[in-house]
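The block underneath contains the structure these notes are about, expressed in structure tokens.
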């Protein structure tokens with residue numbers, strides 16, 4: 001049953017994303033807010049598809065921990081789900097993403113219109129400076145800068161691999177940093193076909209105020225995200241059916 005539901009969800013989801021990107025093309029000629037509303041509507045549709053095709057309900061906890069205005073958001077990254085769910089949590093999210101994604105037809109055009117921050121990972125110090133300049137510009141507009149501190153998706157429970165970029169941005173931006181924990185990778189695993197039914201949870205943790213020592217910030221950020229994500233993974237496994245456990 002899980003295999004059939006996963007097949008149906010994947011077919012509908014990936015067909016749907018192409019259709020939405022094509023339908024979004026006219027927004028390239030309109031104010032950016034139009035595209036934001038389209039992406040938010042698409043995200044709602046994804047939540048609907050997850051619930052009724054894959055049997056995955058989505059819960060977002062800790063919305064009261066989101067400060068108003070421009071902030072830095074540092075999120076665990078386990079699944080494709082993480083890339084669109086932020087649009088239903090934050091007012092105007094601005095993702096930090098690798099530059100190569102901007103070269104993709106349709107997606108790259110829309111990401112440029114959305115004024116996402118593209119980073120050339122190979123440039124290192126130059127990339128950091130550019131990321132700071134672009135991020136400061138978007139923060140001035142009251143946007144939320146979304147960064148995945150590990151740089152790529154990690155399997156649930158995997159050893160953390162946080163990079164320096166989030167520390168650099170925190171020290172340079174002088175704004176609160178909002179940690180985000182989740183268990184999405186259990187239900188929507190990276191590079192896997194299966195979608196496991198159950199309750200997927202994203203938890204917004206209390207913000208870390210600006211001005212902390214870099215080492216202290218890094219330790220607090222990593223420990224808060226990892227501890228909460230591990231707790232959510234235990235919760236996810238605790239609700240797993242015998243069939244899900246066998247597949248896992």
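The values are calculated or read from the model by the stated rules, or taken from the named source; none is laboratory data. Note that the coordinates shown come from a computational prediction; the quantities given were computed from them, not determined experimentally. Every residue, glycine as well, gets a Cβ built from its backbone with ideal geometry; the counts of neighbours run over all protein chains shown.
Here's the yes/no breakdown for (1) surrounded by 14 or more Cβ atoms within 10 Å (Cβ to Cβ); (2) out of contact with any helix residue (DSSP H, G or I) (no Cβ under 9 Å at 6 or more places or on another chain):
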{"position": "28", "(1), (2)": "no, no"}
{"position": "31", "(1), (2)": "no, yes"}
{"position": "39", "(1), (2)": "yes, no"}
{"position": "44", "(1), (2)": "no, no"}
{"position": "48", "(1), (2)": "no, yes"}
{"position": "56", "(1), (2)": "yes, no"}
{"position": "64", "(1), (2)": "no, yes"}
{"position": "68", "(1), (2)": "no, yes"}
{"position": "74", "(1), (2)": "yes, no"}
Selection from region 1-24 of residues that are exposed (fewer than 13 other Cβ atoms within 10 Å of the Cβ) and under 20 Å from residue 105 (Cβ atoms):
14, 15, 18, 19, 22, 23
Picking from 101, 88, 106, 97, the residue that is touching a helix residue (DSSP H, G or I) at 6+ places or on another chain (Cβ under 6 Å) and more than 18 Å from residue 178 (Cβ to Cβ) would be 106
Can you tell me how many residues within region 77-100 are closer than 15 Å to residue 134 by Cβ and surrounded by fewer than 16 Cβ atoms within 10 Å (Cβ to Cβ)?
1
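Residue-wise test of (1) on the phi < 0 side of the Ramachandran plot; (2) at pLDDT 95 or above; (3) out of contact with any strand residue (DSSP E or B) (no Cβ under 6 Å at 6 or more places or on another chain).
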{"residue": "59", "(1), (2), (3)": "yes, yes, no"}
{"residue": "62", "(1), (2), (3)": "no, yes, no"}
{"residue": "71", "(1), (2), (3)": "yes, yes, no"}
{"residue": "76", "(1), (2), (3)": "yes, yes, no"}
{"residue": "93", "(1), (2), (3)": "yes, yes, no"}
{"residue": "96", "(1), (2), (3)": "yes, no, no"}
{"residue": "100", "(1), (2), (3)": "yes, no, yes"}
{"residue": "129", "(1), (2), (3)": "yes, no, yes"}
{"residue": "136", "(1), (2), (3)": "yes, no, yes"}
Residues located in region 99-118, provided they are closer than 26 Å to residue 185 by Cβ and free of Cβ contacts under 8 Å to residues at least 24 places away in the same chain
99, 100, 101, 102, 104, 108, 111, 116, 118
If you scan region 1-27, which residues turn out to be more than 19 Å from residue 43 (Cβ to Cβ) and touching a residue at least 40 places away in the same chain (Cβ under 8 Å)?
1, 2, 3, 5, 6, 7, 8
